[in-house]
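Here, each number is a calculation from the coordinates, and none is a lab measurement. These numbers were taken from a predicted model, which means no experiment stands behind them. Neighbour counts run over all protein chains shown; Cβ positions are idealised from the backbone, glycine included.
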């Protein structure tokens with residue numbers, strides 16, 4: 001359970017996710033106000049400001065949200081071949097779906113959404129929905145709440161080695177999904193990552 005919560009917190013604690021939460025909260029508030037008879041008048045003279053402290057409320061609200069999705073996915077740990085490494089960024093837990101072009105991130109509720117999390121510079125954790133891996137579901141097909149589970153035994157795969165093309169592709173995706181910065185000790189790896 002601890003690793004699920006840790007992965008969840010790594011996803012939601014970063015500025016990009018906090019900013020997204022602020023935008024959603026602000027839009028939702030404006031929509032609610034507009035439903036009031038004088039809502040438009042109010043919004044024409046007033047502005048909704050979401051305090052920075054809201055990010056802590058957001059983290060508390062979302063603490064377990066992704067856990068139900070993560071716990072049903074296949075966890076694959078991929079190792080970069082010698083001379084290669086996986087970058088990390090200020091958005092360390094990235095969601096990627098081949099049908100949604102970065103820098104947009106898809107929701108975790110689509111079968112084709114994969115989770116990318118560099119554990120170390122040599123190891124990348126990739127979470128995949130089993131139905132998509134088996135070819136039973138389309139990338140943008142939504143997962144129904146009925147299939148979400150509380151927690152279970154997670155299938156973990158390891159030992160797969162990856163060459164330069166795979167590592168570079170994953171790094172390019174993580175770069176496109178970063179907010180303001182990426183990190184690696186190799187200038188060549190960083191150059192390859194930003195050449196998309």
Report summary line: In a Gaussian network model of the chain with springs linking alpha carbons closer than 10 Å, the residue among 30, 136, 146 that fluctuates most is 146
Report task. Calculate, for residue 34 and residue 133, the FRET efficiency according to 1/(1 + (r/R0)^6) with r their C-beta to C-beta distance and R0 45 Å; round to the nearest 0.05. Result -> 0.60
Query - Calculated diffusion of the chain, Stokes-Einstein form, Kirkwood radius summed over Cα pairs, 4 °C and 1.567 mPa s, µm²/s - result: 70 µm²/s
Query raised in the report: So what's the back-of-envelope 222 nm ellipticity for the chain, counting only DSSP H runs of four-plus at -39500 (n - 2.57) apiece and dividing by all residues, rounded to 500?
Result: -11000 deg cm²/dmol
Query raised in the report: Given springs between every Cα pair under 10 Å in a Gaussian network model of the chain, which of 85, 28, 104 has the largest fluctuation?
Result: 28
**Report entry** Value of relative contact order over segment 1-90, rounded to a whole percent, pairs C-alpha under 8 Å and six or more apart
**Finding:** 41 percent
Query raised in the report: Within segment 49-91, whose backbone N sits under 11 Å from a point 7 Å along Cα→Cβ of residue 166?
Result: 77-81
Query raised in the report: Rg/Rh for segment 1-111: what does it come to with C-alpha atoms and Rh from Kirkwood?
Result: 1.08
Report summary line: Listed residues 18, 139, 27; largest mean-square fluctuation, Gaussian network over the chain with Cα springs below 10 Å, found at 27
Query - residue 60-residue 195 FRET efficiency (beta carbon distance; Förster radius 41 Å; 0.05 resolution) - result: 0.55
Report task. Report the dimensions of segment 2-62 along its three principal axes from the alpha-carbon atoms, largest first, rounded to Å. Result -> 48, 17, 14
Query raised in the report: Put a dot 7 Å past each Cα toward the Cβ at residue 49 and residue 180; how far apart are the dots in nm?
Result: 2.0 nm
